[in-house]
Amino acid sequence: MDIIQIGPGFGAEIRGVTLADVANDDATYKAVRAAFEEHSVLLFRGQEISGEGQLAFSHRFGPPEVTKVGSLGTGTHFVILTTIGDDGKVVPEDHRFAMRNKANQLWHTDSSFKSVPALTSILSARTIPDHGGETEFASTRLAFERLDPATQKKLENSFAWHHYGHSRKKIADGLATREELDALPPQCWRMVWRNPVNHRGALYLASHTYAIEGMEPAAGEKLIEELTAAATASGTTYEHKWKSGDVIMWDNRATMHRGRPWPGNEARYMVRTTISATAADGLESMRPPARVAAE
Ligand SMILES: [Fe+2]
């Protein structure tokens, strides 16, 4: 197995290993898992991808999420990100599928709005547009390490609120349905996720983050915006131009990502599996003290 750096200080391509090798072989899984902890974003090229194969690979890393209400693929382990409608044609730009892609174009980490957040997301390219549609990644671990020690300490002892409705409202009122909002009440998490393997801290931030515990709403929002801007500054990100057969997995504890736009008339079909974080991934250290959670 070869590990080749692809991004500025994070991100690596894994060569000489297939998804099936990871699913079937303990030693290969261990090597890939170690690379995941170290590099945060892993790229596998030239994979023969099936839903079953993607799920078997994903399952190695922990329990797969069941897709929430209101998403394509609900009730299964797959999230379908597509602009292809039931009739096989690309949907118009004001269609809910297209609007949801706009929400994915905000910097975020997956599932921070859920009661169990995600360790990793695995995304495979099935149909890719000829232009655009890249996925861009930022390391919130490197962003955290760029902060001064006093700010690091303050953030490590701070807690922020995450809500699905917050990120959707930025795109359009009503994009999140009542059913979704009822299923996804706000969640409060520590602002720094420390990796239990290498003990490096990372900012835990997303487009879903709307308030910081103990701060005035406006001041909290301003800090969230400033931290996000610094974490995603130009020159610090890795933008992936998809090729057929590419699979990327990322560490939702230590990165943010966003989709990039593409021409509305070009089809794009991607399949995501998502693995929930567990105690072994540092989840318990992310929970706020009982007093905060109750507020
Ligand atoms: Fe995402």
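Condition check ((1) within 12 Å of the ligand (Cβ to nearest atom); (2) in a strand (DSSP E or B); (3) surrounded by 20 or more Cβ atoms within 10 Å (Cβ to Cβ)) across all residues:
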| site | (1), (2), (3) |
| --- | --- |
| 87 | no, no, no |
| 99 | no, no, no |
| 112 | yes, no, yes |
| 120 | yes, yes, yes |
| 123 | yes, yes, yes |
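Filtering the stretch 73-85 down to residues that are small (Gly, Ala, Ser) and away from the ligand (no atom under 16 Å from the Cβ), which residue is most open to solvent (accessible area, probe 1.4 Å)?
75
Taking only the stretch 268-295 into account, find how many residues are among the charged types (D, E, K, R), closer than 25 Å to residue 247 by Cα and either modelled with pLDDT of 95 or more or not in a loop (DSSP other than H, G, I, E, B) (or both).
Matching residues across the stretch 268-295 total 2.
Counting only residues that are in a loop (DSSP other than H, G, I, E, B), within 9 Å of the ligand (Cβ to nearest atom) and farther than 19 Å from residue 44 by Cβ, how many does the stretch 101-110 have?
Going through the stretch 101-110 one residue at a time, the tally reaches 1.
Before we move on, is residue 286 more than 16 Å from the ligand (Cβ to nearest atom), crowded, with 20+ Cβ neighbours inside 10 Å, farther than 22 Å from residue 7 by Cα and not small (Gly, Ala, Ser)?
It is true that residue 286 is more than 16 Å from the ligand (Cβ to nearest atom), crowded, with 20+ Cβ neighbours inside 10 Å, farther than 22 Å from residue 7 by Cα and not small (Gly, Ala, Ser).
I'm trying to understand the selection: among the residues of the stretch 243-271, which are out of contact with any Phe, Trp or Tyr (no Cβ under 7 Å at 6 or more places or on another chain), within 27 Å of residue 119 (Cβ to Cβ), within 16 Å of the ligand (Cβ to nearest atom) and open to solvent by 10 Å² or more (accessible area, probe 1.4 Å)?
If the condition is that a residue be out of contact with any Phe, Trp or Tyr (no Cβ under 7 Å at 6 or more places or on another chain), within 27 Å of residue 119 (Cβ to Cβ), within 16 Å of the ligand (Cβ to nearest atom) and open to solvent by 10 Å² or more (accessible area, probe 1.4 Å), then 259, 260, 269 are the ones that fit.
The values are calculated or read from the model by the stated rules, or taken from the named source; none is laboratory data. All figures in this text were calculated on a predicted structure; none of them were measured in a lab. Using ideal geometry, Cβ is built from the backbone for each residue, glycine included, and neighbour counts are taken over all protein chains shown. All accessible areas refer to the heavy atoms of the entire protein, side chains included, with ligands and DNA or RNA removed. Shrake-Rupley method; radii C 1.70, N 1.55, O 1.52, S 1.80 Å.
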